[in-house]
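The values are calculated or read from the model by the stated rules, or taken from the named source; none is laboratory data. Remember, predicted model here, so these are calculated numbers, not experimental data. Here Cβ is always computed from backbone atoms with ideal geometry, including for glycine, and neighbour counts include all displayed protein chains. Only protein heavy atoms, including side chains, enter the accessible area calculation; ligands, DNA and RNA are left aside. Shrake-Rupley method; radii C 1.70, N 1.55, O 1.52, S 1.80 Å.
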Amino acid sequence: MNSRTVHAACPHDCPDTCAIRVTVEEDRIVRIQGDPDHPPTHGALCTKVSRYAERVDHPERVLTPLKRVGPKGAGQFVPVGWDEALDDIAARLRAIAGRDPQAVVPYSYAGTMGLVQGESMAARFFHKLGASLLDRTICAAAGGEALQLTYGGKLGMHLEHFAESKLILIWGSNSIASNLHFWTFAQAAKRAGAKLIAIDPRRTETAEKCHQHIALLPGTDGALALGLMHELIVNDWLDHDYLARHVEGWPALRERALPWTPERTAAECGLTVDEVKGLARDYATTQPAAIRLNYGMQRVHGGGNAVRLVALLPCLTGAWRHRAGGLLLSASGWAKPVRNTAALERPDLLAGRHPRTINMSTIGDDLLREASPAFGPKIEALIVYNSNPAAVAPESPKVVAGFRREDLFTVVLEHFLTDTADHADYVLPATTQLEHWDAHTSYGHTYVLINQPAIAPRGQAKSNCEIFRQLAARLGFDEPCFRDSDEAIVGQAFNAEIDAERLQRDGWVRLPLPDAPFAEGGFATPGGKAIASAPGIPLPDHVPNYESAASAPALAARYPLAMISPPARNFLNSTFVNVKSLRDIEAEPIVEIHPSDAAARALADGQPVRVYNDRGSYHCTARVSPRARPGVVNGLGVWWRKLGRNGTNVNELTHQRLTDLGAAPTFYDCLVEVAAL
């Protein structure tokens, strides 16, 4: 049989952005494997993506346009032809835009992180239409703004150099589940004698395999960073030369940190004094020391300030002098100089208009708002692609109420009938990663990648770009950019610094960067220094949670348990929940609760429970487990609502208040109670 292998890239919201080789015979996928030549991937794929063929050929995949015939949310549709669907959608959008194009809202995130099938043709379409802009905050905006303020961009270490570190703080990251390829480098460091310390409220699979686990309370990461700074200062574990030459605002930061004694820090974080002192000693006296920070810790009220404080720690000790020292939260900013964002998205098509911006994290409230001078027009149309907001957006009772509005016209581009698709007026079948062109950068390593189509689209599926291309034609958008093919857009994605021929041949290209990017300062800030404080940039501080005993004592009396909602190991946000082999591993929605908290509520392992607060009630199964620390429960997500016990998931309980920086959601800043069903 004729067999061929093509280069692909994992499209999902994961820092690994794996390089993949896909082998096909005729139009049948016979093998999906990690690219052994790509240094970050080194031939390995996670359980989820290694089963990607199950997703492509899933029996429940949407393969024809669907039109709603039942109540919103019932998931009742009939198949229709592409012309009928697109003609009707275009007519509806034309009528709404004739009144006010800002009443049309795009809603998308990282269902694919591709530069082409993400925001290229789609962005061109909405810019030309004059639709509302979307602030895509739902995952990383607080941490991203914190890095921008501190380092001048979303910049960090090279992934491979963690293998040479002698101490690694794995801070807010269950790397085994969500950053597998970092974990392999951390394991190499461990075998070479490095110490690994996990800092996480949950005793994750990763924490179990580290030398030490620091189980702090949710939302106290900034306090811990200040406490570490205190110890660095009073013990003179500082690189004075690095601070003097490469950090702006150090004297003020020193004064802010000094009151954070080990006793105060331990009390705030729910730790022991010895844990605080020992962590500071290890960090200060072991070089090279690296921090792998992840985004869970910034999903609280003070998440942005906390990231700023942690990001300053390697500046105090001079850890950045070593290529195996420093910090990695996101490396996506390294690709910014080579990425042709303006060519891809064409903001010039706005032609001087300034549409309002909708924050995707407050879509629950915004779908229910009436028109007003402050808000602008009522949202009349929502076009959803690369996202499942009914499952993943905070305070889902309000999100679902908004989607059920009879006067809201909703179009969803999807592979499956998700919770969101069930509420659509039209569901349009989208291609998967193995069926279309794309180009990728990464936020977890320093390579760019190409994705070549391995098979023809299944059924009647079309790429996101093709769907928006055809809608543009129906609306009379006649600029040449609307006729660019997907492959042509791949060619526009990067500038000449990226060797296009090599990218097509090898599937990936390393960005041209120094090994130790900040060894001599050279941060991307205007003055080249890391910034603790500067004109217009205030000093970072610990900002307590919205929902805590200190901030809201009456609320905490009713709902005494803090809840975090990290992803289940075999899901990625709400993706892969409907892949049966993966769902069978997870079995059912659960909440992890510490034995002491379970005993106080007479709860047994495996018992059906309700987790509740003033916003809603979520039914699941209790897992009495030391993975939860006392006073904190872990509601693993993100299950589709319709697969939950009572048609809900953990976002029934989260709220829409935003972070201190970046206007991002605060999923892990949430008080609840747990009771038997």
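Close amide H contacts of L561 (hydrogens built in the peptide plane, cut-off under 5 Å, sequence separation of 5 or more or a different chain): V672. S178 sits with roughly 40 Å² accessible to a 1.4 Å probe, with DNA, RNA and ligands left out of the calculation. Only helices enter the 222 nm calculation for the chain: every DSSP H run of n ≥ 4 contributes -39,500 (n - 2.57), and dividing by all residues gives -8000 deg cm²/dmol, rounded to 500. Spatial offset of segment 292-310 relative to segment 120-147 amounts to 21 Å, using the alpha carbon center of each.
Quick one: putting +1 on the C-beta of Lys and Arg, -1 on the C-beta of Asp and Glu, what dipole do you get for segment 496-569 around its Cα centre, in Debye to the nearest 20? Present the calculation step by step, with values, prior to reporting the outcome.
Details: 6 positive and 8 negative charges, 68 e Å.
Value, rounded to 20: 320 debye.
If I537, I585, I170 are ordered by their accessible area, calculated over protein heavy atoms with a 1.4 Å probe, which sequence runs from highest to lowest?
I585, I537, I170
For the chain, C14, C46, C139, C210, C269, C315, C465, C481, C620, C670 have no disulfide-compatible partner, since no other Cys C-beta lies under 4.7 Å from theirs.
When only the Cβ of Lys, Arg, Asp and Glu is charged (+1, +1, -1, -1), the dipole of the chain relative to its Cα centre reaches about 500 debye. Projecting the Cα atoms of F182, P512, F571 onto the charge dipole of the chain (Cβ charges, centred on the Cα centre) puts F571 farthest toward the positive pole. Computed from backbone phi with θ = phi - 60° and the Karplus coefficients 6.51, -1.76 and 1.60, the 3J(HN,Hα) list for segment 21-38 is 10, 10, 9, 10, 10, 6, 10, 10, 7, 10, 7, 10, 9, x, 6, x, 8, 7 Hz; x is used for glycine and proline. Cross-link pairs exceeding 21 Å between alpha carbons, from the set K48/K154; K154/K336; K154/K398: K48/K154; K154/K398.
Ordered by solvent-accessible area of protein heavy atoms (1.4 Å probe), largest first, the residues E487, E345 come out as E487, E345.
For segment 485-526, chymotrypsin sites (Phe, Trp or Tyr not before Pro) are listed when DSSP marks them as loop and at most 11 other Cβ atoms sit within 10 Å of their Cβ; the list is empty.
The 3J(HN,Hα) values that the Karplus relation (6.51, -1.76, 1.60; θ = phi - 60°) gives for segment 185-196 are, in residue order, 6, 5, 5, 4, 4, 4, 5, 8, x, 6, 9, 10 Hz. Gly and Pro appear as x. Under a 5 Å amide H cut-off, with hydrogens placed 1.01 Å from N, W171 pairs with I199, R292, L293, N294 among residues at least 5 apart or on other chains.
Sorting W183, W237 by accessible area (1.4 Å probe), largest first, what list results? Before the final figure, lay out each step's value.
Working: W183 20, W237 60 Å².
These residues rank, largest area first, as W237, W183.
Against the chain, whose longest principal axis is taken from its Cα atoms, helix 221-234 shows a tilt of about 30°. Applying the Karplus relation 6.51 cos²θ - 1.76 cosθ + 1.60 with θ = phi - 60° to segment 167-181 yields 3J(HN,Hα) values of 9, 10, 8, 9, 9, x, 9, 8, 4, 4, 8, 10, 7, 4, 6 Hz, where x marks Gly and Pro. Averaging the Cα positions of each part gives two centres, and for segment 529-574 and segment 1-76 these lie 35 Å apart. Translational diffusion coefficient of segment 157-315 at 10 °C, 1.306 mPa s, Stokes-Einstein with Kirkwood Rh over Cα pairs, in µm²/s as a whole number. For these conditions, the coefficient is 101 µm²/s. When each of the peptides 322-328, 335-341 is scored by the mean number of other C-beta atoms lying within 10 Å of its residues, the order from highest to lowest reads 322-328, 335-341.
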